[in-house]
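To keep things clear, I will list the structure first and then write my remarks on it.
The values are calculated or read from the model by the stated rules, or taken from the named source; none is laboratory data. As the structure is a computational prediction, the values presented were derived from the model and not from experiment. Cβ atoms come from the backbone with ideal geometry, glycine included; neighbour counts cover every protein chain shown.
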Amino acid sequence: MLFQELDLIEPILKALQTEGYTQPTPIQEQSIPSILQGKDLLGCAQTGTGKTAAFAIPMLQLLSKPHQNTKVHKAIKALILTPTRELAIQIEESFKAYGKNLPLRHLVIFGGVGQKAQTDALHRGVDILVATPGRLLDLMNQGFINLRDVEIFVLDEADRMLDMGFIHDVKKVIAKLPAIRQTLFFSATMPKEIQTLADTILKNPVKVEVTPVSSTAEKIQQQIFFVSKNDKKDLLLHILKDRTIETALVFARTKHGSDRIVKDLIKAGIKAEAIHGNKSQNARQRALTNFKAKTTRILVATDIAARGIDVDELAHVINYELPNIPETYVHRIGRTGRAGLSGTALSFCDGEEKEFLDDIEKLIGLKVPVTEDHPYAMSWQSLMAGAAEAKAKGKSKPSRGARPQRTEKQPNLSGAKKTPGSGGGGGRKWHNKSRQRPASS
Ligand code: AMP
């Protein structure tokens, strides 16, 4: 199918052409016609499927129709609520790209930065508002934003809103929306609480489901490197001698760990930057921009900071440490191999992480091929001995509570006020919810 067959208006088709898009992705093919008909939609899809364009394109078309009521000239006609600043920025960039030939005004707002520029833009008038929940509520409470004229509401990454403790804020926002509206609801997984929320806010939704989490892994070339913890640094440097690896996103478990990897890489003459919750919004955005422009070869990220990072043509993901939550592995490697491009995911696994690898392979339903041809290869015997030792110490046991991946505290990415239970203890909540299997797998 081609975009021309989706009844899209010329200014949008032209913009898509500029973007180099010719064929809609499956979620776009399924969603665009229904959204154009004004239907509610429940989309079970994660980033990397083209879901942003799946809602942005038809929304732009609907909103570009003449709006008779001049009183609502300055009113916000569409609201997109998304959990992180990075996602919010990327969504607004999508509206900008696909809507470049339309006279619609869009704005992105998020916390952690001054509000003046945002309130000034609101004052001038905004048709499409992309927001994180905390800053949105904040500006609503200050009287800068009124949602009474919203015609289309998008809730993006609903399950992550839940994971990050934003669900109460989301519900507060929903309560201020007009009852008559079109609602588009996206979530990668459908835990019970999210399903209930979807049932409450959607009216006869069209259901669209693409690439369940366990199958995204299939199109990405994956390799495991068994290596001791101490040799990981040298293995990374060894792998990066391969100049065909133009850029790579390296996943570390902790903020401290990512800083250390960056230090090691810089020492070896490799341009690297880290993004994690301790970095300022500006520093993170700068690192991301440098990485996208390929002036920084290696971006080291923790899972939370990397959420929603959208880098076109990212060919390599390296798991310096394996995550203890198997779905996280799929989300990580899903950063590569997007929109039909090929991708490679290399994972380092030491004895302690062998158990995590077993869980991952169970989830994705395949054995990840092991690369033995490297100078730091760990023998199977040493690996299993390490695994047994970790087990004996209870190190890799999920029930011990102190699971390594949770060392990074939940950053308050949207600037939202923490609700009881979502602060320091948020880690537990995050962890529990994250382990829920997607309804589709
Ligand atoms: P998303 O799932 O919205 O994060 O999109 C993933 C990536 O796919 C983004 O980098 C988009 O720019 C790209 N993309 C979305 N739709 C298409 C398309 N129809 N053709 C080519 N690339 C696309």
task = Output the strands (runs of 3 or more DSSP E) that fall wholly within region 195-291 and possess 1 or more residues being farther than 29 Å from ILE167 by Cβ, or say none.
result = 221-226, 248-251, 272-275
query = Picking from PHE55, PHE110, which residue would you name as being within 13 Å of the ligand (Cβ to nearest atom) and surrounded by 16 or more Cβ atoms within 10 Å (Cβ to Cβ)?
reply = PHE55
message = With under 27 Å from the mean Cα position of the chain (by Cα) and of a type in the set (Asp, Glu) as the only criterion, which of ASP127, ASP149, ASP120 stands out?
response = ASP127
query = Name the residues in region 123-167 that are modelled with pLDDT of 95 or more, in a helix (DSSP H, G or I) and among the charged types (D, E, K, R), would you?
reply = ARG135, ASP138
Members of region 342-361 found to be in contact (Cβ under 8 Å) with a residue 12 or more places away in the chain and over 23 Å from the mean Cα position of the chain (by Cα), listed by number = CYS349, ASP350, GLY351, GLU352, GLU353, LYS354, GLU355
ask   = Here are some residues: LYS65, LYS74, LYS14. Which one is surrounded by fewer than 19 Cβ atoms within 10 Å (Cβ to Cβ), at pLDDT 95 or above and either farther than 30 Å from ILE275 by Cα or within 15 Å of the ligand (Cβ to nearest atom) (or both)?
value = LYS14
query = If you check GLN90, GLN118, which single one turns out to be at pLDDT below 95, more than 24 Å from THR200 (Cα to Cα), in a helix (DSSP H, G or I) and assigned by TED's automatic domain parsing to the domain that holds TYR21?
reply = GLN90
note = By residue number, the members of region 17-47 that are buried (at least 21 other Cβ atoms within 10 Å of the Cβ), within 12 Å of the ligand (Cβ to nearest atom), not in a helix (DSSP H, G or I) and not β-branched (Val, Ile, Thr) are PRO24, GLY43, ALA45, GLN46
key: Test result for ALA268, in contact with a Ser or Thr (Cβ under 9 Å, 6 or more places away or on another chain) and either of a type outside the set (Ser, Thr, Tyr) or outside the structural domain of ILE318 (by TED's automatic domain parsing) (or both)   = no
request  = Could you give me the residue pairs with C-beta distances under 8 Å whose first residue belongs to region 7-19 and is assigned by TED's automatic domain parsing to the domain that holds ALA53 and of a type outside the set (A, V, I, L, M), whose second residue is modelled with pLDDT of 95 or more and within 12 Å of the ligand (Cβ to nearest atom) wherever it lies, and which are 6+ apart or on separate chains?
outcome  = THR18/ALA97; GLU19/ALA97; GLU19/TYR98
